[in-house]
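The values are calculated or read from the model by the stated rules, or taken from the named source; none is laboratory data. Note that the structure is a prediction, hence the values are computed from the model and not measured. Quick reminder, even Gly has a Cβ in these numbers, built from the backbone with ideal geometry, and neighbours come from all protein chains shown. SASA here: full protein model, heavy atoms, side chains in, ligands and nucleic acids out. Shrake-Rupley method; radii C 1.70, N 1.55, O 1.52, S 1.80 Å.
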Amino acid sequence: MTDSFDRQIDYVRIGVTDRCNLRCFYCMPAEGIVYEPKKDLLSYEEITRLLWVLGDLGFKKVRFTGGEPFLRKDFIRLLEHTAEIDAYESIHITSNGTLLQKHIQKLKELGITKINLSIDSLDAERFHKITRRDDFEKVMQTFHMLVDTGFKIKLNAVIMKGINTQDIIPLAELAKDYPVDVRFIEEMPFNGGYKENVEMYSAKDIYADLKAHYSDMEKLPGKHGDTASLLSVPGYKGKIGVIAAFSRTFCNTCNRLRISAKGEIKSCLYDDGVFNIRDYMRSGVSDGELASKFKEIIRLKPKDGFEAEKLRKVPEAAMQSMSSIGG
Ligand code: SAM
Ligand code: SF4
């Protein structure tokens with residue numbers, strides 16, 4: 001499927017729940033967000049149906065995210081059903097790493113070995129300050145268990161001015177000892193609306209910090225759909241990435257579509273939902289009608305995140321939490 005800017009759209013990100021057991025302050029307020037009633041979330045059967053339809057349209061990659069996907073009771077069942085769909089070359093998960101240890105063996109059996117773990121600091125106190133929970137040891141243990149078991153891990157860290165810029169180099173150093181890609185992400189204003197002014201530490205700032213430390217690092221050529229600008233340091237086992245999530249410098253190669261836990265489709269992270277596929281599906285439409293609707297939505301995908309933002313029905317200040325968007 002190509003959109004009107006000739007971008008091949010073949011990657012779907014699905015928020016399987018809006019619930020989370022952490023309270024990362026860039027994602028939601030301390031008291032959390034108002035969760036959708038469970039009946040309003042897509043069931044695992046509905047998600048599986050959408051994945052079959054998208055698979056037939058040429059989608060090749062799926063990522064399950066949230067909220068925290070492992071909070072959802074039937075998540076493993078969803079993974080089992082997804083693994084049966086041949087169209088997907090790879091199944092990915094983004095997780096905070098607090099609840100997945102007991103599922104490692106099952107994930108391996110299902111061939112799901114690509115996991116993005118979110119770790120914003122290697123300092124337990126700072127980790128607590130950012131996530132407002134005490135799970136640092138557990139998350140690091142998960143990281144080591146996954147690496148030791150041969151999972152392909154990408155570590156995501158949101159970098160915030162005055163909070164964790166001192167973690168950039170220690171986190172990057174993980175790529176020296178382990179075959180993991182460490183990616184630094186610009187903060188975006190999707191925090192449940194409680195924090196209006198995000199004082200951004202930009203991708204350029206992050207890059208400058210890295211360059212000051214690693215004078216011999218090299219930029220690597222980008223691949224289809226990459227959001228991270230990738231860097232390599234000679235002798236390091238993993239790569240280092242910088243994701244300009246707020247500066248939006250990668251939109252011209254965007255290959256993705258998002259579906260939130262309640263079935264809201266976002267053709268761009270910066271739009272505020274272009275269609276509710278749950279309601280459409282529950283109205284009794286056929287797979288062919290679902291496919292036509294996806295084609296129409298993909299055709300109308302905006303040029304970039306700035307364009308999408310202009311088209312929002314709700315203004316910026318009321319921006320949602322990444323937990324309900326499906327980050
Ligand atoms: N709970 C899982 C986790 O934290 O990995 C998956 C959902 S979380 C919303 C997905 C990713 O979005 C995480 O890497 C998180 O750091 C990132 N994220 C959340 N809020 C963000 C924000 N305001 N700006 C940039 N990234 C954000
Ligand atoms: Fe939860 Fe992930 Fe949001 Fe943190 S970033 S509060 S772990 S959904």
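Report those strands (runs of 3 or more DSSP E) wholly inside segment 216-259 carrying at least 1 residues which are within 21 Å of MET200 (Cβ to Cβ).
So the answer is 228-232, 240-243.
Restricting the first residue to segment 58-82 and requiring it to be within 16 Å of ligand 1 (Cβ to nearest atom) and of a type in the set (A, V, I, L, M, F, W, C), which pairs with a second residue that is open to solvent by 10 Å² or more (accessible area, probe 1.4 Å) and in a strand (DSSP E or B) meet a Cβ separation below 6 Å and a spacing of at least six or different chains?
VAL62/ILE91
Mind checking which helices (runs of 4 or more DSSP H) fall wholly inside segment 261-327 and carry at least 1 residues that are hydrophobic (A, V, I, L, M, F, W, C) and more than 16 Å from ligand 1 (Cβ to nearest atom)?
Output list reads 277-282, 287-299, 305-310.
Can you list the helices (runs of 4 or more DSSP H) lying wholly within segment 51-161 that have 3 or more residues being under 30 Å from GLU31 (Cβ atoms) and open to solvent by 10 Å² or more (accessible area, probe 1.4 Å)?
124-131, 136-148
Among the numbered conditions (1) more than 16 Å from ligand 2 (Cβ to nearest atom); (2) in contact with a strand residue (DSSP E or B) (Cβ under 6 Å, 6 or more places away or on another chain); (3) in contact (Cβ under 8 Å) with a residue 40 or more places away in the chain; (4) not basic (Lys, Arg), tell me where SER90 comes up short.
(3)
Looking at segment 11-33, is at least one residue more than 14 Å from ligand 2 (Cβ to nearest atom) and in a loop (DSSP other than H, G, I, E, B)?
Among the residues of segment 11-33, not one is more than 14 Å from ligand 2 (Cβ to nearest atom) and in a loop (DSSP other than H, G, I, E, B), which makes the answer no.
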